[in-house]
Amino acid sequence: MKPPTSQESIPPERAPLELASGVLSWRRSPLLVGIVNVTPDSFSDGGRFLDPASAVERAVRLVEDGADLLDLGAESSRPGAEPVSAEEELRRLMPVLHALRPQVRVPLSVDTTKAAVARAALDSGADLVNDISGLRFDPQMLPLLAARRCGVVLMHMQGEPRTMQAAPHYDDVVEEVASWLERRLQELAAGGIAPGRVVLDPGIGFGKRLEDNLELLRNLGRLRRAGRPLLVGASRKAFLGRLLDEPVPDLRLEGDLAVAAWCRMARVEMVRVHDVRAARRMLLVLDALAAPGEEKEPPRARGA
Ligand code: HH2
């Protein structure tokens, strides 16, 4: 099969991600970011883990299943979702973070667009902030993250969750998303957030049509700017529902696994998934099948 990315765009060395607690290094397969949604309305698991005890149980289970990191979110970003207040987000998130931090050793990411929530989470042991607005929604977010040494997930979104799927439009989705990520990376650097702390994410499903999502996934290599690592979040999303003709998000696992395998081929550093166990097991088989020495081989030499 043709690799999903141009060989030229793969950096020979993948620089690790700098976190306050140390550095996060990459392996041949993507690291698995397990999703923990402490929300009543997330598109696939809303309401299931709203109670702190069940959210913590779920998170611990994801680590046992092979999650390399966890991403905790307390506000849904599904298309049409209404925003929640910082107070409500904190009320949902903090009991889970407090109970979970001593129980797991993996880095914890908090999925929020609000500086107040990010600050409280960082004070309570979170290692990364995953801001789906690309640090646009809250003007306090950039200075806050500049003052801390956490990791930052910088995601592209056209518009905002309430309306983003109404009429997304791009002339050249890959070029527009890539140049936005690059520009924003420079703005973050100018504001005091070193590029070495940043992961880039094309924001699959965030103001994008089916063909936009596919085009982005086909061109992951072109999205990698300044040698920064990539994170892809496609798990259970609506475009997979369309491809699989599957209206129930939980039943889109085959789509999730196909995207995770595709990401491995594109040398994506992190994939954000609901079904960690299945993804881990699938990647174990791919790792075993891969040519011995694959890791050391310079990417440019392969398949040339
Ligand atoms: N997708 C979702 C939420 N956060 N963060 C990043 N960096 N990338 C993504 O693709 C991404 C994300 C949507 O998925 P989910 O958390 O399951 O749903 P909801 O937003 O409804 O809680």
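Descriptive notes on the structure:
- Phi to ³J(HN,Hα) by Karplus 6.51 cos²θ - 1.76 cosθ + 1.60 over segment 94-100, Hz, x for Gly, Pro: 4, x, 5, 4, 4, 6, 7
- Phi angles across segment 192-198 convert, under the Karplus curve 6.51 cos²θ - 1.76 cosθ + 1.60 with θ = phi - 60°, into 3J(HN,Hα) values of x, 9, 5, x, x, 9, 10 Hz, Gly and Pro given as x.
- Environment charge at residue 210 (Cβ cut-off 11 Å; Lys +1, Arg +1, Asp -1, Glu -1): +1
- Segment 84-207, relative contact order in percent, only Cα pairs under 8 angstrom and at least six apart counted: 23 percent
- Rounded to the nearest 0.05, the FRET efficiency derived from the C-beta distance between residue 194 and residue 248 at R0 = 35 Å is 0.25.
- Considering only 126, 233, 286, and ranking their Cα positions along the charge dipole of the chain that arises from unit charges at the beta-carbon of Lys, Arg, Asp and Glu, the one farthest toward the positive end is 286.
Each reported figure results from applying straightforward, stated rules to the coordinates on display, with no laboratory input. Predicted model only: the values in this text are computed from it and were never measured. All Cβ positions, glycine included, derive from the backbone under ideal geometry; neighbour counts span all protein chains shown.
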